[in-house]
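In what follows, a structure is listed as structure tokens, so that the remarks can point back to it.
The values are calculated or read from the model by the stated rules, or taken from the named source; none is laboratory data. From a predicted model like this one, the values you see are computed outputs, not experimental measurements. Cβ: placed from backbone, ideal geometry, glycine included. Neighbour counts: every protein chain shown. For the accessible areas, the whole protein counts, side chains as well, though only heavy atoms, and no ligand, DNA or RNA atoms are used. Shrake-Rupley method; radii C 1.70, N 1.55, O 1.52, S 1.80 Å.
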Amino acid sequence: MGETADRQSASLSLRVIVASGALALLVVAAFGVLVYAVSTLDDATKRERHAKAVTAVTLQLENLVLDLETGLRGFVLTGNRDFLKPWTSARRALPERLTAFERLASTTGEQRRRARELATLINQYLYDYSIPVVGLVREVPAATRTDVVKLEGTLRIDRIRSRFARFLTAENELAAMRTSSAQRRSDQAIALAVAGLIASAILITGFGLYLARAIARPVREVAEAATSFAGGNVSTRLTPHGPGEVHELTEAFNRMAERIEAGRRRLEAQNERLRESERAKSELVSVVAHELRTPLASVLGFTSMLLQRDSTPEQRREYLNIIDAQGRRLAALVNDFLDVQRLDEGKLSIARELVDVARVVREQSELFAGQSPKHLLDVSLPAAPLPVRGDSNRLAQVVANLLSNAIKYSPRGGVVHVAGERHGSLVRVSVRDDGVGIPGDVQKQIFSKFFRGHATADGIEGSGLGLSISRSLVEAHGGRINFKSTNGKGSTFWFEIPTAASG
């Protein structure tokens, strides 16, 4: 189940890695867009500065051309060389300005073409018109004042001015278009960056809420469950949920709680067994003290009488019979105690021989028939044997215990019915008496060790071990033992053992 839950619930570390990666990518993208926006603005600024530089160079170049035209016109009109100084300065500076103009104006192919055409017109004006006119003024001043010469100069200058105007207009439009495009791209980038940062903030908030729900709440539940468990509520359990690691934590807590609870139950069971053992020991001491004291007192008392008094042969025989009976009783008690010890330790050995249960019942009935003049044993056995696989001595011990109890618990005497029969694959032996019976409130404990119910109060002797030993011996033969009893009307005890054919 734990593996299934792990497959169904993704690992928390994997979720954190994925979420962190997505957040990192989003933040990087947002900052990348911001960098792009800044770069776009910077590029727009550079282009604007370049456009201004182109405009400045163009205006400077136009001023030089105007200086050429003004100086030339003044020199032509007056012939005074002082008017030629602007022309001379402009001619000297013109090549450098033309080079700078053509270099800066090469932002687009169209502007490069316009710049080359403008430079060509200026050079043509200088070398094809202005310089020759200056030379002609020096040699034939009157020739330069003709309308043809004046008209040619005016046409050339007007054409150059027109080209300057178109170039500057195109440059301004191009700069405005570039600035607008850059501004638009910058605005879009900034909008995207702001959206990315907002999305990052939302993702961070959502991730925090997810961590609070997926980790903090389950961990708090585990802490509360641990507190409850430490307070003694060992039945506390958690419902596994949440991502992989948290799911494993709750399952581990449940496994720990189950093991501790199972250990606690084992300890309680052990403590109960120890208490039972202590009670059994106390009962054993009490039983031993009570059961051994009476026969031992009889043995010692009659032995003392035999030693200290002169008795007739009949008295001595009577005393010796009492001593013999009490000695046998002591031996039986000792054997019962030893059998209980062997059964508890699992050391009681059971033979597996072919045994005729009918013969065992018959022999035990004959032994008990003369023990009490008040009782009559009615034995009912089939003519055919009742074969089982088992230990004849132990089976005889079971039959003897049932006969002894039937005689003891019917103190007024009467008939004790003993029967042996075959029921299918089982051999069944039953012993029925018309004695005091067993009260209903103690019937469940009748096979417990040392349990004697009201027998002690009624003055009935016994150790309370016979039925417990009998049940263990019957079960060791693969059978079962039980009884039916009515208080004041007698009891019927029976046991069943598989026949030799089926066993």
Exercise for the section: Identify all residues within region 36-58 that are of a type in the set (A, V, I, L, M, F, W, C) and either crowded, with 17+ Cβ neighbours inside 10 Å or at pLDDT below 75 (or both); write none if there are none. Expected result: Ala37, Val38, Leu41, Ala44, Ala51, Val54, Val57
Handout entry: Candidate set: region 91-104, residues that are under 14 Å from Ala115 (Cβ atoms) and of a type in the set (D, E, K, R); chosen: the one surrounded by the fewest Cβ atoms within 10 Å (Cβ to Cβ)
Key = Arg103
Exercise for the section: Would you mind telling me which numbered condition in (1) open to solvent by 40 Å² or more (accessible area, probe 1.4 Å); (2) at pLDDT 75 or above; (3) touching a helix residue (DSSP H, G or I) at 6+ places or on another chain (Cβ under 6 Å) Val76 fails? Expected result: (1)
Practice task
Determine, yes or no, whether Arg266 is closer than 30 Å to Ser448 by Cβ and at pLDDT below 75.
Solution key: no
Practice task
Identify all residues within region 79-90 that are assigned to a helix (DSSP H, G or I) and either loosely packed, with under 14 Cβ neighbours inside 10 Å or free of Cβ contacts under 8 Å to residues at least 40 places away in the same chain (or both); write none if there are none.
Solution key: Arg81, Asp82, Phe83, Lys85, Pro86, Thr88, Ser89, Ala90
Problem - Close pairs (7 angstrom Cβ cut-off, 6 or more residues apart or separate chains): without any contact (Cβ under 8 Å) to a residue 24 or more places away in the chain in region 349-362, open to solvent by 30 Å² or more (accessible area, probe 1.4 Å) and assigned to a strand (DSSP E or B) anywhere - result: Arg362/Val379
